[in-house]
4 protein chains.
Amino acid sequence: MNDIQEITEALIKFRNERDWEQFHNPKDLAVALSIEAGELLESFLWKQYQEADKEKVKEELADVFAYSFLLAERYGFDVKEIVLNKIKKNGEKYPVEKAKGSAKKYTEL
Amino acid sequence: MNDIQEITEALIKFRNERDWEQFHNPKDLAVALSIEAGELLESFLWKQYQEADKEKVKEELADVFAYSFLLAERYGFDVKEIVLNKIKKNGEKYPVEKAKGSAKKYTEL
Amino acid sequence: MNDIQEITEALIKFRNERDWEQFHNPKDLAVALSIEAGELLESFLWKQYQEADKEKVKEELADVFAYSFLLAERYGFDVKEIVLNKIKKNGEKYPVEKAKGSAKKYTEL
Amino acid sequence: MNDIQEITEALIKFRNERDWEQFHNPKDLAVALSIEAGELLESFLWKQYQEADKEKVKEELADVFAYSFLLAERYGFDVKEIVLNKIKKNGEKYPVEKAKGSAKKYTEL
């Protein structure tokens, strides 16, 4: 069993033991993910990134991953497949010769 | 090589080809993650979750994963380890007997 | 003195007494605003909107306003002017005859 | 009529002309606000704040204000009152003698 399956199964087991599937509709999962992304961001507020508390980053990033994997599972997405496909698409939006060394959005390249 | 390593290597390769490491400090990665979480959320705005466009969800969730994996890599976090540890911690905050069937925050249980 | 000026002056006084202007650059103010928007959203997580705690909504919305006014002040924006201008622009993107009763984004109308 | 009333009335007029009240429940308004806060944040991504496009900041901040005022109106909150009350509360969490010159959260002061 690969890592992503293993993580996903642990998350589903945790959820089912608590009978939380009823709350985990995709919209609320996306809301939860956005809230956790905000908490992660709080690690860096009013700071240079070097001053962020690595333990807090770890905890909050774990929450972001948890809701991301649950959302992927809910839709039956294969995480590896969707990320590799997105990289391919982004390669077309950001060709190396244009995008190299530039932080511009593809609409401005 | 497991899936997470494979995804991470593809992301790093994409980034390095474009010389983007200079922009990818942890604070901006967390900012990017939060922006993408907002775009994912947009799939569900003014809608019941059943009406969301599955393709848009897939694209935006892929972006969320991409920045999450990049941030994990930047800190040297093992994604499986941090998520499984977080599940364990959450098990203490949300014991089955108290949390079952309840959507309350642990501070209110 | 109008309401917005009065609120803004109270916020600036609070900030200056604590010598926080040094932290309040526009990027971190936008980060803070996004974090507070996430905390506001947490009031509605796993819930129908009717179940949200009105007091929590009030507190978090006040924080959202605080950072929004501080950011407007930092750029010298007149809040009334920028919102009324945006309404005008949105009127062009969403003409009544097309947008009436529809939740679609203007790109799909 | 003060500025906040004037802005709010313009927003409500715009909404009612398009028959959008049906979509504007508080949960979706909070979701919309969070999305707009993400778009505002995008102005600063991969950048020093000085490099942000002031026009984009203005547009996105106007959207943040629009949903904030609509949410306040939906709950019948007086914006000036809730912000001034929050400043007072924050004054207790962040007393000048402790908080001066510090970016720490009140839980760490």
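The values are calculated or read from the model by the stated rules, or taken from the named source; none is laboratory data. On a predicted model such as this, the values are computed, not experimentally measured, just so you know. Heads up, the Cβs are rebuilt from the backbone with ideal geometry, glycines too, and the neighbour counts pull from every protein chain shown. All accessible areas refer to the heavy atoms of the entire protein, side chains included, with ligands and DNA or RNA removed. Shrake-Rupley method; radii C 1.70, N 1.55, O 1.52, S 1.80 Å.
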* **Shape of chain A, Cα gyration tensor, a/c cut at 1.5** => oblate
* Asked: Shortest first and in nm to one decimal, what separations exist between B:Asn2 and its copies in the other chains, measuring from label points 7 Å along the Cα-to-beta-carbon line?
  -> 1.2, 5.7, 5.8
* How far is B:Asp53 from the same spot in each other copy, in nm, shortest first, if each label point sits 7 Å from Cα toward Cβ? -> 2.1, 3.7, 4.0
* **Chain B residue with Cβ closest to the axis mapping B onto D, distance in whole Å** => B:Gly38, 1
* Asked: Using +1 on the beta carbon of Lys and Arg, -1 on that of Asp and Glu, and nothing else charged, what's the dipole of chain D about the Cα centre, debye to 20?
  -> 740 debye
* Structure fact -> For chain D, the accessible surface attributable to carbon and sulfur atoms (probe 1.4 angstrom, ligands and nucleic acids excluded) amounts in percent to 44 percent
* Structure fact -> When D and C pair up, the total accessible heavy-atom area removed from solvent (1.4 Å probe), in Å² to nearest 100, is 5900 Å²
* To do: Report ³J(HN,Hα) in whole Hz for each residue of segment B:11-23, in order, from the Karplus equation J = 6.51 cos²θ - 1.76 cosθ + 1.60 where θ = phi - 60°; Gly and Pro get x.
  => 5, 5, 4, 4, 5, 5, 4, 9, 6, 9, 4, 4, 8
* What list of ³J(HN,Hα) couplings, whole Hz, do you get for segment D:29-41 from phi and the Karplus terms 6.51, -1.76, 1.60, once you set θ to phi - 60° and write x for glycine and proline? -> 5, 5, 5, 4, 4, 5, 4, 5, 4, x, 5, 4, 4
* From the phi of every residue in segment D:96-101, what ³J(HN,Hα) in whole Hz does the Karplus formula 6.51 cos²θ - 1.76 cosθ + 1.60 yield, where θ is phi - 60° and glycine or proline is x? -> 3, 4, 8, 8, 4, x
* Asked: Once the whole set of protein chains is in place, how much accessible area is left on D:Lys56, using a 1.4 Å probe, in Å² to the nearest 10?
  -> 60 Å²
* Take the alpha carbon atoms of the protein assembly as shown, find their radius of gyration, then divide it by 2.2 N^0.38 Å using N residues; give the quotient. => 0.97
* Asked: Given H placed on each backbone N at 1.01 Å, which residues far from C:Leu45 in sequence or on other chains put an amide H within less than 5 Å of it?
  -> none
* Asked: Taking the label point as lying 7 angstrom from Cα along the Cα-to-Cβ axis, what are the distances from D:Lys93 to the corresponding position in the remaining copies, in ascending order and in nanometres?
  -> 1.7, 3.2, 3.5
* To do: Leaving out ligands and nucleic acids, note down the accessible area per residue over chain C with a 1.4 angstrom probe, in whole Å².
  => 47 Å²
